[in-house]
1. Among the candidates TYR109, TYR74, which residue alone is loosely packed, with under 13 Cβ neighbours inside 10 Å, farther than 14 Å from VAL54 by Cα and hydroxyl-bearing (Ser, Thr, Tyr)?
2. Just to check your reading of the model, which residue among LEU203, LEU160 is aliphatic (A, V, I, L, M), open to solvent by 100 Å² or more (accessible area, probe 1.4 Å) and either in a helix (DSSP H, G or I) or in contact with a Pro (Cβ under 7 Å, 6 or more places away or on another chain) (or both)?
3. Only one of these conditions is not met by SER14: (1) at pLDDT 70 or above; (2) open to solvent by less than 60 Å² (accessible area, probe 1.4 Å); (3) hydroxyl-bearing (Ser, Thr, Tyr). Which number is it?
4. May I ask you to verify whether THR30 is open to solvent by less than 60 Å² (accessible area, probe 1.4 Å) and at pLDDT below 50?
Amino acid sequence: MGKMMLLLSTLGISLCLFSLIPSALGIWLTLPPSGTKCVSEEIQSNVVVLTDYVVIPDSSSLHPTIGAKVTSPYGNNLYYKENTTHGNFAFTTQETGNYLACFWVDPHYLGGKEISVSLDWKTGIAAKDWDSVARKEKIEGVELELRKLEGAVEAIHENLLYLKGREAEMRVVSERTNARVAWFSIMSLGICIGVSGLQLWHLKRFFQKKKLI
């Protein structure tokens, strides 16, 4: 009974922790006959990404194929494939930023209809093969759940550090922007005062020249 309560408590904590981190996305894309549709996610560096995609067949006898391309925040190609109905890609991020996955219908497809694609996008702890970990380290039950909890806590900690760093960067940018706006306002005020002084001086000379004053 005690072990069962511990297991239930561990599972409950696991669900709470996994709900705090964006770890997996199940997406259904509808590709137009022409053009490209993309999805993106902001990911930190040194994070594992594992994705599977498959074309959903329809009732027609045609078998449409698609192309897929994944690029890093700095435009590096991480994956590229054409003339396929399914595939998967896995990589470890080297850069922090938005990773873009784009899909399109192959030009030779003459069906002229939209194509549906199922996309299973996993990052971080969700992309880890826990079955292999359990077999390799010979752990199961509560111990395996505790290992998952440890991974979730580490992922949350890293995410909080990342958010803290981004907040610090945004604060620096905000302070620099405010300083520039303040200097611009002072400069604008100085120019206005200078122009007003020149106008008064010019008007005074004009009236003196006309002997009005």
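1. Working: TYR109 fails: loosely packed, with under 13 Cβ neighbours inside 10 Å.
The match here is TYR74.
2. Details: LEU203 fails: open to solvent by 100 Å² or more (accessible area, probe 1.4 Å).
Selected residue: LEU160, the only one of LEU203, LEU160 that is aliphatic (A, V, I, L, M), open to solvent by 100 Å² or more (accessible area, probe 1.4 Å) and either in a helix (DSSP H, G or I) or in contact with a Pro (Cβ under 7 Å, 6 or more places away or on another chain) (or both).
3. Unmet for SER14, out of (1) at pLDDT 70 or above; (2) open to solvent by less than 60 Å² (accessible area, probe 1.4 Å); (3) hydroxyl-bearing (Ser, Thr, Tyr): (1).
4. Values: open to solvent by less than 60 Å² (accessible area, probe 1.4 Å): yes; at pLDDT below 50: no.
Here the answer is no, as THR30 does not meet what is asked.
Conditions tested, residue by residue: (1) closer than 30 Å to GLU169 by Cα; (2) open to solvent by 90 Å² or more (accessible area, probe 1.4 Å); (3) of a type in the set (A, V, I, L, M, F, W, C).
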| site | (1), (2), (3) |
| --- | --- |
| ILE43 | yes, no, yes |
| VAL48 | yes, no, yes |
| VAL55 | no, no, yes |
| THR65 | no, no, no |
| LYS69 | no, no, no |
| TYR79 | no, no, no |
| ASN83 | no, yes, no |
| ASN88 | no, yes, no |
| GLN94 | yes, yes, no |
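The values are calculated or read from the model by the stated rules, or taken from the named source; none is laboratory data. All figures in this text were calculated on a predicted structure; none of them were measured in a lab. FYI the Cβ positions are ideal-geometry reconstructions off the backbone, even for glycines, and counts take in every protein chain you see. We work out accessible area using only protein heavy atoms, side chains counted, and drop any ligands, DNA or RNA first. Shrake-Rupley method; radii C 1.70, N 1.55, O 1.52, S 1.80 Å.
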